[in-house]
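Here the structure is laid out as structure tokens; the discussion comes afterwards.
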Amino acid sequence: MHSLAERGVPLEERPKTNISGLSDWDAARIFLEVVRCGSFRSAAERLSLSINAVRRRIDDFERQTGTTLFTRDVHGTHLTDEGALVVSAVERMEAATFDVLRASDSMANALSGEVRVAVTEGLGTFWLAPRLVEFQQAYPKILVDLHCAMRSADVSRHEADVAIHLSRPSALDIKLVRLGRMHLMFWASEKYIAKHGAPRSAAELIKHRLVLQFADQLAAKESFESFFPGVSERDLLVMKTNVSSANYWAVANGAGIGVFPSYAIALGGKLIPLEVELNRPLDIWLSYHPGSGRIPRVRHMIDWLIEAFNPARFPWFKEEFVHPHEFKDSYMGEPLTQLFGGFSTEEQR
């Protein structure tokens with residue numbers, strides 16, 4: 001059926017039905033329900049709306065489409081020819097909506113795709129990389145792009161999906177989570193101590209050989225000068241590197257005394273913590289862009305990283321300093337050697 005004003009007018013000459021500017025999917029859904037139920041009353045009952053509310057939404061929908069969708073008489077509600085065209089279009093919209101929802105569910109369930117994680121080189125090499133096996137076993141379809149570098153990635157510029165820093169990022173339009181605290185100490189190998197002895201104070205330390213990491217030249221220089229005021233680098237340093245892994249293994253092989261986090265006792269190089277107070281805690285921060293945080297695979301990575309630095313589980317990330325010799329008393333998880341890449345810290349038998 002069609003409206004009285006259009007009877008006898010060829011369909012191609014009638015005003016065109018316009019749904020290109022349709023913005024109210026809710027009204028379209030109500031229109032479809034009226035068509036399927038055959039009456040305003042039945043549709044209202046099915047939608048838990050009043051009849052007047054349904055009629056108002058249909059009137060709104062007719063204004064949006066620019067055409068009469070129904071005619072009403074004593075026998076009920078009848079769809080016009082133009083209304084039939086709109087039904088077809090709205091059903092396609094409905095099907096497309098279901099496709100989007102199914103795709104969304106599929107993506108959420110599959111959790112596939114790539115997640116870019118930027119982290120400082122030491123934490124990435126010694127702490128995250130060995131433990132990411134857990135994440136990949138739980139989410140085998142997610143590709144983790146782990147970028148280890150001393151320069152912090154800027155998630156506000158989408159340089160990474162998630163980033164871990166050793167200083168609080170200054171960007172305003174990002175989400176921040178304080179993960180824990182890293183406590184730095186002086187360390188030396190058994191070989192070095194056997195040959196040169198173990199210093200017990202800063203005054204004794206300046207008589208020894210140091211191997212230090214200078215990834216950020218300015219920050220490293222300031223730290224050196226604050227701990228050794230008036231002392232030249234040339235008087236103390238026998239080696240400096242730009243990456244923590246090279247720094248660590250140089251110290252582990254007896255090149256000199258180095259500075260590492262308190263968890264260095266578990267890294268496999270048989271290092272011994274020195275009783276020289278350093279008092280250099282570093283807060284560990286996680287940052288991500290708000291938009292990235294709504295992507296399921298990124299959200300799962302964020303949650304996993306927060307747990308990976310949980311101070312309640314891992315005492316070396318606690319607010320207060322826990323001496324490495326106390327780890328066995330305060331840490332109740334799996335063996336430390338399994339957390340840090342599987343290196344054995346015990347004598348081979």
**Residue satisfying all of: in the range 256-287; over 27 Å from the mean Cα position of the chain (by Cα), assigned to a strand (DSSP E or B) and not charged (D, E, K, R); nearest to residue 117 (Cα to Cα) among these** = 259
**Request:** Search the range 20-31 for residues that are within 16 Å of residue 53 (Cα to Cα) and pair each with any residue that is modelled with pLDDT of 85 or more and of a type in the set (S, T, N, Q) when their beta-carbon atoms are under 8 Å apart and the residues are at least 6 apart or on different chains.
**Result:** 24/64; 27/64
**Prompt:** Identify, please: which residue in the range 66-78 is modelled with pLDDT under 85 and not charged (D, E, K, R) and is, among those, surrounded by the fewest Cβ atoms within 10 Å (Cβ to Cβ)?
**Reply:** 74
**Message:** Could you check the range 288-340 and list, in sequence order, the residues that are farther than 24 Å from residue 155 by Cα, at pLDDT 85 or above and assigned to a helix (DSSP H, G or I)?
**Reply:** 315, 316, 324, 325, 326
**Message:** Based on this model, can you work out whether residue 250 counts as in a helix (DSSP H, G or I), at pLDDT 80 or above and either closer than 21 Å to residue 150 by Cα or in contact with a Lys or Arg (Cβ under 7 Å, 6 or more places away or on another chain) (or both)?
**Reply:** yes
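The values are calculated or read from the model by the stated rules, or taken from the named source; none is laboratory data. Everything numeric here is computed off the predicted structure, so don't read it as measured data. Glycine also receives a Cβ, built like all others from the backbone with ideal geometry; neighbour counts cover every protein chain displayed.
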